[in-house]
Amino acid sequence: MPRTFTVSDSIVVDVSPADVFRHVCDPTRMGDWSPENLGATVRGSAGEARVGTVFDGRNKRGAFRWTTRCTVTAVEQDRLFRFRVHAIGIRRPRVPGSIATWEYRFEPVPEGTRVTETWTDDRRAWPDFVAHAFDRIATRGHTFADFQRGNIRTTLHNLKRVLEALPTSDTR
């Protein structure tokens, strides 16, 4: 069975594109809506994410914890935020390698903002049978594409819930 390398989903959030963008582009906030991410530490100077910003994401799945090194690869004000995950480790991301790319697109709609989250599997050098075996162990029986479909859906619903609950002064 061939691998699925990209999955995405969308949701409409009753908040302006500028405000959704501002919150999503802050890697330290990702733990507020992600089912796996616990937040991040931005390396170097903190502030608005820009191309080249590096951050270490803290993650969990059940009892297992790990850290990833990520680099922002695209930022278009109020429209796009993308980063690639390129190292992993238990306490520190010591093992380099292409892992994944995450992208968030923000589109104005009459109801607010359509947010589209996309995950791309960057493990292109892995033979399919190796990736399938690893995925099923790491996700308790699923492929990463199927697993990430669920994570994306949860993240988008949490993002909507959190941002729509903020006082208007925090989102507009």
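The values are calculated or read from the model by the stated rules, or taken from the named source; none is laboratory data. These numbers were taken from a predicted model, which means no experiment stands behind them. Cβ: placed from backbone, ideal geometry, glycine included. Neighbour counts: every protein chain shown. These accessible areas exclude ligands, DNA and RNA; they are computed on the full protein's heavy atoms, side chains included. Shrake-Rupley method; radii C 1.70, N 1.55, O 1.52, S 1.80 Å.
Condition first: out of contact with any Leu (no Cβ under 9 Å at 6 or more places or on another chain) and under 20 Å from T53 (Cα atoms). Now tell me which residues in region 92-118 satisfy that.
Result: R92, P93, R94, V95, P96, G97, S98, I99, A100, T101, W102, T118.
Pick from T68, T101: which is open to solvent by less than 20 Å² (accessible area, probe 1.4 Å), in contact (Cβ under 8 Å) with a residue 24 or more places away in the chain and of a type in the set (S, T, N, Q)?
Answer to the selection: T68.
For A165, are the conditions met, namely being open to solvent by 60 Å² or more (accessible area, probe 1.4 Å), free of Cβ contacts under 8 Å to residues at least 12 places away in the same chain and small (G, A, S)?
So A165 passes the test.
Please verify whether region 131-153 includes one or more residues that are at pLDDT below 95, over 21 Å from T67 (Cα atoms) and either touching a His at 6+ places or on another chain (Cβ under 6 Å) or open to solvent by 60 Å² or more (accessible area, probe 1.4 Å) (or both).
Scanning region 131-153 turns up at least one residue that is at pLDDT below 95, over 21 Å from T67 (Cα atoms) and either touching a His at 6+ places or on another chain (Cβ under 6 Å) or open to solvent by 60 Å² or more (accessible area, probe 1.4 Å) (or both).
Please work out which one of (1) touching a strand residue (DSSP E or B) at 6+ places or on another chain (Cβ under 8 Å); (2) farther than 21 Å from R123 by Cα is the condition I90 fails and give its number.
In the conditions (1) touching a strand residue (DSSP E or B) at 6+ places or on another chain (Cβ under 8 Å); (2) farther than 21 Å from R123 by Cα, I90 misses (2) alone.
Which of the numbered conditions does V109 fail, given that it passes all the others? Conditions: (1) more than 23 Å from T28 (Cβ to Cβ); (2) in contact with a Gly (Cβ under 6 Å, 6 or more places away or on another chain); (3) of a type outside the set (G, A, S).
Evaluating V109 over (1) more than 23 Å from T28 (Cβ to Cβ); (2) in contact with a Gly (Cβ under 6 Å, 6 or more places away or on another chain); (3) of a type outside the set (G, A, S) leaves (2) as the failure.
Within region 26-65, restricting attention to residues that are outside any loop (DSSP other than H, G, I, E, B) and basic (K, R), which residue is nearest to E117 (Cα to Cα)?
Filtering region 26-65 for residues that are outside any loop (DSSP other than H, G, I, E, B) and basic (K, R), the one nearest to E117 (Cα to Cα) comes out as R29.
Quickly run through region 72-86 and pick out the residues that are over 12 Å from the mean Cα position of the chain (by Cα) and in a strand (DSSP E or B).
Hits for region 72-86 are T73, A74, V75, E76, L80, H86.
With the requirement that a residue be of a type outside the set (F, W, Y), part of a helix (DSSP H, G or I) and within 14 Å of the chain's Cα centre (by Cα), what does region 116-158 give you?
A145, Q148, R149, G150, N151, I152, R153, T154, T155, L156, H157, N158 - these are the residues of region 116-158 that are of a type outside the set (F, W, Y), part of a helix (DSSP H, G or I) and within 14 Å of the chain's Cα centre (by Cα).
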